[in-house]
Amino acid sequence: MRRHILLILLSLIALQGALAEEPDTLAHRSKYEMRAVWLSTIWGLDWPRSSSEAAQKRELDEQLDLLRANGINTIFLQVRGRGDVIYPSAIEPMHPRFYGKRYDPLAYAVEACHKRGMTVHAWITTLPLEDRSYRRRLRGVTPFYDKYKGHTKRHRGKDFMDPADSLTGIHLASLAREIAEKYPVEGIQLDYIRYPDFPARFPDDRDYRNAHTLLPKAEWRRSNITAIVRRIHETLTETDSTVLLSAATIGAYDQISGTPHIGWTARGDVYQDPVAWERAGAIDFIATMTYNRGATFGPIVRDWRDKLSIPVVIGLGAFRTLREEGGWPAQQVIDQVAEVQSDSLLTGVALFRARQITERSHGLRDQLAAQCFHQPVLPHAPIVSADSTLLYPRDLTMTTEGDSAKLTWCGASTDRPCLYAIYLSTDSIPDTTTGRDLIAVTTEQSATIRLTESKDGERFVTLEISCYDLHTGLEAFIPGGAAIYQRPEPEEEEKKNADTSD
């Protein structure tokens with residue numbers, strides 16, 4: 001049967017009264033979900049494994065393509081290892097594998113991620129410093145240890161920036177400022193923002209006595225870490241209020257009543273207190289490193305969710321699929337992703353590390369996309385304080401063929417990175433506040449959608465198309481929205497009868 005096709009561009013507001021109201025019983029899913037990976041540069045664990053510029057670029061591009069194909073929308077990219085960085089810095093020396101190259105690795109990585117519709121958070125390993133043999137290989141800017149020897153601590157044969165020393169916060173804040181001012185990253189993430197392992201032996205007794213504080217030593221240590229986080233957050237706010245500050249935390253906040261002993265915890269063992277950071281307005285979200293399984297996993301995840309009002313991303317141990325790291329079956333990690341996704345109060349997941357997602361031998365490649373990441377989502381919610389010009393797409397055109405429609409539009413005329421989101425409804429105006437009607441997220445300025453046929457042979461859909469600013473999380477919609485209506489064309493005989501009766 002041939003069909004009579006009518007394409008309509010109109011204000012969806014005008015349809016609101018005419019179309020059926022949305023049933024209250026419909027379950028709403030969030031349209032925001034962070035699906036992140038940590039991409040390590042230290043020791044070339046994930047990138048780079050090559051020494052030449054061309055090979056490094058190709059290697060990163062291939063890895064990002066695979067991550068995107070597996071549903072990843074956020075990259076936590078390690079930009080500082082042990083007092084060295086992956087970009088040309090005025091503050092710290094460059095990673096030896098990148099030093100002397102003709103390109104800026106961080107600039108290239110940020111652009112490559114944005115091109116694929118992925119947000120980038122610059123991951124800074126904070127307090128650990130290079131060992132002495134490694135420092136001899138560094139070129140350019142003087143390493144922190146050599147420049148400020150009196151401001152570091154030696155602990156179990158390794159050097160650390162001193163959490164109690166004000167210079168530590170000043171130095172780390174200057175790095176955060178440098179990155180935020182030079183690169184269009186969506187966030188800065190603090191790693192190892194805590195006291196080191198076996199902190200009882202950490203040599204700070206004299207510092208504690210000299211502080212002349214009434215706080216117990218454990219609280220004093222927590223306040224030192226909180227002060228560093230607060231200083232970095234204040235610096236970022238002065239620099240760019242849209243750059244999010246996050247921290248990778250120990251997997252559990254503290255011991256949980258009624259739950260088997262968890263092992264070491266953030267607050268109790270390494271003086272890392274995200275609850276205090278939130279209270280001080282010093283952190284935007286956290287990514288836990290909850291690399292455990294069994295009876296404690298669920299209680300730990302729920303404890304984080306209940307203790308914090310800021311977004312919580314649950315970090316999961318993809319590396320546990322390695323034989324030497326426990327040899328978990330891939331399905332164990334996939335089930336944990338699904339468990340986190342089932343909790344609407346959690347913001348998403350982060351997987352450590354990228355290689356375990358991109359290499360087939362670990363069993364996660366393709367399975368995450370198929371089992372957990374098949375629904376389209378946007379990377380993060382809007383930053384309320386952002387002062388941003390909305391990027392409106394325009395000039396929507398539609399053509400239909402059979403049961404599909406090709407949509408094309410013009411993107412925002414800007415270099416700012418963005419995604420395009422398509423919302424579709426067959427019985428009402430599309431719900432753009434949740435993910436219920438979100439059917440596609442793309443970096444392209446076109447998409448093909450399927451038109452579902454009703455019992456009487458008609459097809460009717462309403463659409464909203466938005467430009468989503470990767471940096472701010474703000475959306476701008478094509479003015480007026482759109483609708484597509486198809487109705488069956490009468491048979492030829494019916495036409496003749498109609499002509500005769502006339």
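Laid out as a table, the results:
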{"quantity": "Members of the range 228-249 found to be within 14 Å of Trp277 (Cα to Cα) and of a type outside the set (A, V, I, L, M, F, W, C), listed by number", "calculated": "Arg230, Arg231, His233, Glu234, Ser246, Thr249"}
{"quantity": "Enumerated strands (runs of 3 or more DSSP E) restricted to the range 311-402, each holding at least 1 residues that are among the acidic types (Asp, Glu) and in contact with a Phe, Trp or Tyr (Cβ under 8 Å, 6 or more places away or on another chain)", "calculated": "394-401"}
{"quantity": "Matching residues, the range 267-281, being crowded, with 17+ Cβ neighbours inside 10 Å and among the charged types (D, E, K, R)", "calculated": "Arg267, Asp269, Asp273, Glu278"}
{"quantity": "Long-range neighbours under 9 Å by Cβ, at least six apart or interchain, first residue farther than 20 Å from Gln272 by Cβ within the range 142-169, second in a helix (DSSP H, G or I) and β-branched (Val, Ile, Thr)", "calculated": "His151/Thr168"}
{"quantity": "Pairs where the first residue, in the range 312-329, is among the aromatic types (Phe, Trp, Tyr) and the second is surrounded by fewer than 16 Cβ atoms within 10 Å (Cβ to Cβ), C-beta under 7 Å, 6+ apart", "calculated": "Phe319/Glu325"}
{"quantity": "Hits in the range 452-462 - residues which are crowded, with 19+ Cβ neighbours inside 10 Å and farther than 9 Å from Arg487 by Cα", "calculated": "Val461, Thr462"}
{"quantity": "Counted residues, the range 425-451 - those being in a loop (DSSP other than H, G, I, E, B) and either under 20 Å from Val377 (Cβ atoms) or in contact (Cβ under 8 Å) with a residue 40 or more places away in the chain (or both)", "calculated": "15"}
{"quantity": "Residue count, the range 342-363 (criterion: in contact (Cβ under 8 Å) with a residue 60 or more places away in the chain and out of contact with any Gly (no Cβ under 8 Å at 6 or more places or on another chain))", "calculated": "8"}
{"quantity": "Scope the range 96-130; condition in a loop (DSSP other than H, G, I, E, B) and β-branched (Val, Ile, Thr); matching residues", "calculated": "Thr126"}
{"quantity": "Answer from Ala266, Ala282 - the residue that is within 30 Å of Lys182 (Cα to Cα), at pLDDT 95 or above and assigned by TED's automatic domain parsing to the domain that holds Ala218", "calculated": "Ala282"}
{"quantity": "Within the range 463-483, considering residues that are farther than 30 Å from Tyr183 by Cα and touching a strand residue (DSSP E or B) at 6+ places or on another chain (Cβ under 8 Å), the one surrounded by the fewest Cβ atoms within 10 Å (Cβ to Cβ)", "calculated": "Pro479"}
{"quantity": "Boolean, Ser40 is more than 27 Å from Asp469 (Cβ to Cβ) and touching a Phe, Trp or Tyr at 6+ places or on another chain (Cβ under 8 Å)", "calculated": "yes"}
{"quantity": "Subset of the range 92-113 that is surrounded by fewer than 17 Cβ atoms within 10 Å (Cβ to Cβ) and not charged (D, E, K, R) - its residue that is farthest from the chain's Cα centre (by Cα)", "calculated": "Gly100"}
{"quantity": "Single unsatisfied condition, Leu407 versus (1) surrounded by 17 or more Cβ atoms within 10 Å (Cβ to Cβ); (2) in a loop (DSSP other than H, G, I, E, B); (3) of a type outside the set (Val, Ile, Thr)", "calculated": "(2)"}
{"quantity": "Test set (1) more than 27 Å from Gly157 (Cβ to Cβ); (2) in contact (Cβ under 8 Å) with a residue 60 or more places away in the chain - Leu214 fails condition number", "calculated": "(2)"}
{"quantity": "Any strands (runs of 3 or more DSSP E) falling wholly within the range 133-194 and containing at least 2 residues that are under 30 Å from Met34 (Cα atoms) and touching a Ser or Thr at 6+ places or on another chain (Cβ under 8 Å)", "calculated": "187-191"}
{"quantity": "Checklist (1) within 29 Å of Pro417 (Cβ to Cβ); (2) among the aliphatic types (A, V, I, L, M); (3) surrounded by fewer than 22 Cβ atoms within 10 Å (Cβ to Cβ) applied to Leu138, failing item", "calculated": "(1)"}
{"quantity": "Residue match in the range 243-264 (condition: part of a helix (DSSP H, G or I) and among the hydrophobic types (A, V, I, L, M, F, W, C))", "calculated": "no"}
{"quantity": "Hits in the range 265-307 - residues which are β-branched (Val, Ile, Thr) and in a helix (DSSP H, G or I)", "calculated": "Val270, Val275, Thr296, Ile300, Val301"}
{"quantity": "Qualifying residue in the range 227-237 (condition: in a helix (DSSP H, G or I) and farther than 26 Å from Thr74 by Cα)", "calculated": "yes"}
{"quantity": "Residue within the range 339-348 that is hydrophobic (A, V, I, L, M, F, W, C), modelled with pLDDT of 95 or more and under 26 Å from Cys467 (Cβ atoms) present", "calculated": "no"}
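The values are calculated or read from the model by the stated rules, or taken from the named source; none is laboratory data. Predicted model only: the values in this text are computed from it and were never measured. Backbone-built Cβ (ideal geometry, glycine too); neighbour counts: all protein chains shown.
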